[in-house]
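Read the structure below first, then the notes.
Every number in this text was worked out from the coordinates using simple rules, so none of it is lab data. These numbers were taken from a predicted model, which means no experiment stands behind them.
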Amino acid sequence: MADYGKWAGTALRVVVMAVILLVVLAIILTLTRKAAAEEAATVEESGVAVMAEKQYPVQKTEEEWRAILTEEQYQVTRHGGTECAFTGEFWNDHREGVYHCVCCGNPLFASGAKFESGTGWPSYFQPVGPERIDTKTDRSYGMVRTEVLCNRCGAHLGHVFRDGPKPTGMRFCINSVALEWKPELVEPVE
């Protein structure tokens, strides 16, 4: 009988600890979601426009996109995928030049706005011009983030966060496969 009492006491302690752990995890999850939502709202208020679904000037069929993009480029730019950190061509690139949209050639980010974020993706504190990109709220994977899109073709580029350096405080975290480097800004041919 003494063994039963000992076992019951241990079982009760385990159950109480499990309940406490679940409550703590629920609180952490709630705070994380709230912080992400607040960050997205702050980004929206900071002047980075949140765009509704729209028709972009460059339109192609899925077959046409597949014909001009690699499979990884297609998955990232046309279906909102993400390349693995520290694997992209440009995360550690230090050449002078301009990074253009791989889908349509739109000049997006200049090397002068590039900085080392330590995230494993190329990061910029601003685009070449605010008219070069669109943003929209991304609620995928249980998070609230601000997605960055090419304003010319709607390609998914990455996400923007408010933890970047001065002068903007923004971190445009962009997939390398969504970009094409050129030594200078080249406007796309219509």
Pairs of alpha carbons in the range 108-190 whose separation is greater than 20 Å (percent): 29 percent
Rounded to whole Å and sorted largest first, what semi-axes of the equivalent ellipsoid does the C-alpha gyration tensor of the range 44-182 yield via the square root of 5 times each eigenvalue? 21, 18, 15
Give me the percent of Cα-Cα pairs in the range 67-127 that sit more than 16 Å apart, rounded to a whole number. 50 percent
Whole-Hz Karplus ³J(HN,Hα) for the range 66-83, in order, using 6.51 cos²θ - 1.76 cosθ + 1.60 and θ = phi - 60°, x for Gly and Pro? 4, 6, 9, 10, 5, 4, 5, 4, 4, 5, 6, 6, 9, 10, x, x, 9, 6
Gly97's amide H: which non-local residues (gap 5+, or another chain) put their own amide H closer than 5 Å, with H modeled 1.01 Å from N in plane and none for Pro or chain starts? Ser111, Gly112
Pairs beyond 18 Å (Cα-Cα), from Lys60/Lys136; Lys114/Lys182; Lys54/Lys182: Lys60/Lys136; Lys54/Lys182
